[in-house]
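Colleague: Take a look at the following structure, please.
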Amino acid sequence: MNRVLSSKRGRFALAVVTLFVFVAVFGALLAPQDPEASSTEVLEGPSGSHLLGTTEVGADVFSQLLVGARVSIVVGFSAAVISAVLGAAVGLTGGYFGGITDKLIDAFENWFLVIPQLPLMVVLARLLNPSLGVLIFVIGITSWAGTGRIVRSQVLTLKERAFVERARALGASDWHIIRRHILPNALPLIFANTVLIVAVAILAEASLSFLGLGDPTSISWGRMLEDGFSAGAPSAGAWWYMVPPGLCITVLVFAIGLLGYVFEQQLNPRLQEAVE
Amino acid sequence: MSLLEIEGLQVHHQGRPIVAGVDLAIEPGEALGLAGESGCGKTTTALAIMKLLPPALIPSGSITLNPPGAEEPVKIDRRTERGMQLVRWRHVSLVFQGAMNALDPVFRIDAQIAEAIRLHEPRVGRAELRARIADLLRTVGLSAVHGRSYPHQLSGGQRQRAMIALALACRPALVIADEPTTALDVIMQAQVLDLLARLRRELGLALILISHDLAVLAETCDRLAVMYAGRIVESGPAAAVFAAPQHPYTKRLLDSLPAIGGRRGVADPIPGAPPDPHDAPEGCTFRPRCPYAADVCLREPPLAEVLPGRRSACHFAPWENW
């Protein structure tokens, strides 16, 4: 963490992500107005009473933006955690045991890697009733394959290390070796990869919500984009409706991507010079 | 009853023998030196005792352990993986070649020792655990500061000491040390060897010391077994083997050591290399490199008692003057 803070990029990325997380936690309290409240001021531009204008039903865009951060962040992080746990479990099992187990897992993984993620998510989200939980599940279940692949290759090198043989000589079981020796050594890699998955998951949530497959009961940036689009905001010139959520998604995803990149550089000694 | 009895141990790789029939017995408290060039099966034998061979190596023969206090002998060759987990480290522990890599880089030394104890004695309390770790570290000449260090923070010698402390964690009856001093400079080598000798005296450990360095073995061991191409070619009391080798291979190994205070000159190496197990010569495997080879050597020589307490696998043994 100290080393992340020592680079400009790291400090910047961490500051942006922290700001967004703060908004996600306290957004509902900070929002100046009820984001769902309708009024007669329909599709009005930014003004003193509505910092970012209003929607087609007269709700406050700025309040929606603050409240919407929560869904993006919650979905992004939860889906990334699911993806990391699945990917780590699969990568550890396949890499450690090898043989037929590995082959089967590998085939399954390839299948998930080559299926285009968005259509698969769309189908899954359609099949299940849209809700926050379903969204997290769908994104998590479609994004673990890359992590699995990376963890597997790391495990392949770790399991040949002498300390793993020593652990076996100690009388340790496979489960013990995986849990106590392989996993802790692979953890930095899993962590860096998970940070990058957060960015992907936030984008995925926005895509699904934009396609109307999000949770209809909660406000998110993706849903704002969809609402704005179906209300004809682009042709009406109501930029204040769609640019802010789009910009928020872009900045957040960029910052998280940067954070993951910095982590990766810190953890990969061969890339370390490039940071300086 | 011997502590460890190995009978007819063979290890095959793709149908070819890496270890081609090893018989060994180790008494409680005894130090046995296993000597030989690289690739002659020393480490493979050690791993077979722990049943830790990689899957491509297939062992056969019997290995029996008689741990003190155990009611019946442990037949290592018949144990399942789960059964071996109870034996490993509890009765036989291993000091690895190169302690740097054998210690997990992400855990402190004391945590790794605690891991070994916990695996075999899950009910040990926290206070006792701490006391035992402190005790182990003190035994090998390390302090609590070293216990709280990560492996990369220690020097090579300290790491090897930590590895020895780890090997003693469960108070095993037998410690196998596989080239424990190879990666160390001569000063650290001497210290680690002294440490092993002292521990053996104080704790009554039996020790199998594996090394290509005959000088190291002569200093530390009671008995010596010299391996060549997967076989034991000579065994006997260390001092006697040194004084009067009974196999041309041992003789040549000793000749290849420069003698301190002796005649100045270039050491006399053995020409050639040990045979490839996939293409071993017929009869005596040392024949192609042996200056004394004759027609009789096309027959495989048995490892026979040639002098009291001395065994040699050479048709010409006993040798009196070379």
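The values are calculated or read from the model by the stated rules, or taken from the named source; none is laboratory data. Since this is a predicted model, take the numbers as computed values, not measurements. So basically every Cβ, Gly included, is an ideal-geometry build from the backbone, and we count neighbours across all protein chains shown.
Colleague: Which condition number does A:Ser153 fail, the rest of (1) within 14 Å of another protein chain (Cβ to nearest Cβ); (2) surrounded by fewer than 18 Cβ atoms within 10 Å (Cβ to Cβ); (3) of a type in the set (S, T, N, Q) being met?
Modeller: Against the list (1) within 14 Å of another protein chain (Cβ to nearest Cβ); (2) surrounded by fewer than 18 Cβ atoms within 10 Å (Cβ to Cβ); (3) of a type in the set (S, T, N, Q), A:Ser153 comes up short only on (1).
Colleague: If you go through the range A:102-119 one residue at a time, do you hit one that is assigned to a helix (DSSP H, G or I), modelled with pLDDT of 85 or more and at positive phi?
Modeller: Checked the range A:102-119: no residue is assigned to a helix (DSSP H, G or I), modelled with pLDDT of 85 or more and at positive phi.
Colleague: Continuing with this model, one more query. Name the residue, out of B:Gly125, B:Gly156, B:Gly141, that is of a type outside the set (Asp, Glu), over 30 Å from B:Leu214 (Cβ atoms) and not assigned by TED's automatic domain parsing to the domain that holds B:Pro73.
Modeller: B:Gly125
Colleague: Counting just the residues of the range A:94-123 that are in contact (Cβ under 8 Å) with a residue 40 or more places away in the chain and among the β-branched types (Val, Ile, Thr), which one comes out nearest to A:Trp221 (Cα to Cα)?
Modeller: A:Val122
Colleague: Now for a different question. Any residue in the range B:22-34 that is surrounded by fewer than 21 Cβ atoms within 10 Å (Cβ to Cβ), touching a Ser or Thr at 6+ places or on another chain (Cβ under 7 Å) and over 29 Å from B:Ala197 (Cα atoms)?
Modeller: no
Colleague: Does A:Val195 count as of a type in the set (A, V, I, L, M), over 22 Å from A:Ser63 (Cβ atoms) and out of contact with any strand residue (DSSP E or B) (no Cβ under 6 Å at 6 or more places or on another chain)?
Modeller: Spelling it out, A:Val195 is indeed of a type in the set (A, V, I, L, M), over 22 Å from A:Ser63 (Cβ atoms) and out of contact with any strand residue (DSSP E or B) (no Cβ under 6 Å at 6 or more places or on another chain).
Colleague: Moving to a separate point now. Just one of the numbered conditions (1) over 23 Å from A:His50 (Cβ atoms); (2) part of a helix (DSSP H, G or I); (3) touching a residue at least 60 places away in the same chain (Cβ under 8 Å) is not true of A:Gly222; which one?
Modeller: (1)
Colleague: May I pose another question? Give the residues of the range B:242-283 that are at pLDDT 90 or above and under 17 Å from B:Gly230 (Cβ atoms), sorted by residue number.
Modeller: B:His247, B:Tyr249, B:Thr250
Colleague: Quick test for you: out of A:Val71, A:Val75, A:Val114, A:Val85, pick the one residue that is within 30 Å of A:Trp175 (Cβ to Cβ) and of a type in the set (Val, Ile, Thr).
Modeller: Going through A:Val71, A:Val75, A:Val114, A:Val85 in turn, the sole match is A:Val85.
So that you can scan it fast, the table gives a plain yes or no per residue for (1) polar (S, T, N, Q); (2) within 14 Å of chain B (Cβ to nearest Cβ); (3) within 25 Å of A:Leu247 (Cα to Cα):
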| site | (1), (2), (3) |
| --- | --- |
| A:Ser63 | yes, no, yes |
| A:Leu86 | no, no, no |
| A:Gly99 | no, yes, no |
| A:Asp106 | no, no, no |
| A:Trp144 | no, no, no |
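Residue-by-condition table, conditions (1) under 22 Å from B:Leu196 (Cβ atoms); (2) surrounded by fewer than 19 Cβ atoms within 10 Å (Cβ to Cβ):
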| position | (1), (2) |
| --- | --- |
| B:Glu71 | no, yes |
| B:Phe96 | yes, no |
| B:Asp110 | yes, no |
| B:Ile113 | yes, no |
| B:Ala134 | yes, yes |
| B:Val140 | yes, no |
| B:Ser143 | yes, yes |
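Colleague: Given the condition among the hydroxyl-bearing types (Ser, Thr, Tyr), without any contact (Cβ under 8 Å) to a residue 12 or more places away in the chain and over 26 Å from A:Val17 (Cα atoms), answer yes or no: does some residue in the range A:249-261 qualify?
Modeller: no
Colleague: Looking only at the range B:109-133, which residues are without any contact (Cβ under 8 Å) to a residue 24 or more places away in the chain and of a type outside the set (A, V, I, L, M, F, W, C)?
Modeller: Within the range B:109-133, B:Glu115, B:Arg118, B:Pro122, B:Arg123, B:Gly125, B:Arg126, B:Glu128, B:Arg130 meet the criteria.
Colleague: Within the set of pairs 6+ apart or on separate chains, which have a first residue in the range A:156-174 that is more than 7 Å from every other protein chain (Cβ to nearest Cβ), a second that is surrounded by 22 or more Cβ atoms within 10 Å (Cβ to Cβ), and C-beta atoms under 6 Å apart?
Modeller: Pairs found: A:Leu156/A:Gly95; A:Leu158/A:Ile182; A:Val164/A:His181; A:Ala167/A:His181.
Colleague: Now for a separate question. For the range A:175-192, enumerate the residues that are of a type in the set (Lys, Arg) and either within 27 Å of the chain's Cα centre (by Cα) or more than 10 Å from chain B (Cβ to nearest Cβ) (or both).
Modeller: The one that is of a type in the set (Lys, Arg) and either within 27 Å of the chain's Cα centre (by Cα) or more than 10 Å from chain B (Cβ to nearest Cβ) (or both): A:Arg179.
Colleague: Something else: Within the range B:298-322, count every residue that is touching a helix residue (DSSP H, G or I) at 6+ places or on another chain (Cβ under 7 Å) and surrounded by 15 or more Cβ atoms within 10 Å (Cβ to Cβ).
Modeller: 3
Colleague: Kindly indicate whether any position in the range A:29-37 is among the polar types (S, T, N, Q), over 30 Å from A:Phe263 (Cα atoms) and touching a helix residue (DSSP H, G or I) at 6+ places or on another chain (Cβ under 8 Å).
Modeller: Yes, the conditions are met somewhere in the range A:29-37.
Colleague: I've got another one for you. I'm checking my understanding of the structure. Among residues of the range A:7-48 that are among the polar types (S, T, N, Q) and surrounded by 13 or more Cβ atoms within 10 Å (Cβ to Cβ), which one is farthest from A:Val253 (Cα to Cα)?
Modeller: Of everything passing the filter in the range A:7-48, A:Ser39 is farthest from A:Val253 (Cα to Cα).
Colleague: Return the residues of the range B:120-150 that are within 24 Å of the chain's Cα centre (by Cα) and in a helix (DSSP H, G or I); say none if nothing qualifies.
Modeller: Correct list: B:His120, B:Leu136, B:Leu137, B:Thr139.
Colleague: Could you grab me the full set of residues in the range B:59-72 that are more than 27 Å from B:Ile18 (Cα to Cα) and away from chain A (no Cβ under 14 Å)?
Modeller: Within the range B:59-72, B:Pro68, B:Gly69, B:Ala70, B:Glu71, B:Glu72 qualify.
Colleague: Can you pull out every residue in the range B:82-139 that is within 14 Å of chain A (Cβ to nearest Cβ), over 29 Å from B:Glu27 (Cβ atoms) and of a type in the set (A, V, I, L, M)?
Modeller: Residues satisfying the conditions are B:Met100, B:Leu103, B:Val106, B:Ile109, B:Ala111, B:Ala114.
Colleague: In the range B:35-52, is there at least one residue being away from chain A (no Cβ under 14 Å), over 22 Å from B:Pro277 (Cβ atoms), in contact with a strand residue (DSSP E or B) (Cβ under 6 Å, 6 or more places away or on another chain) and at pLDDT 90 or above?
Modeller: No - not one qualifying residue is present in the range B:35-52.
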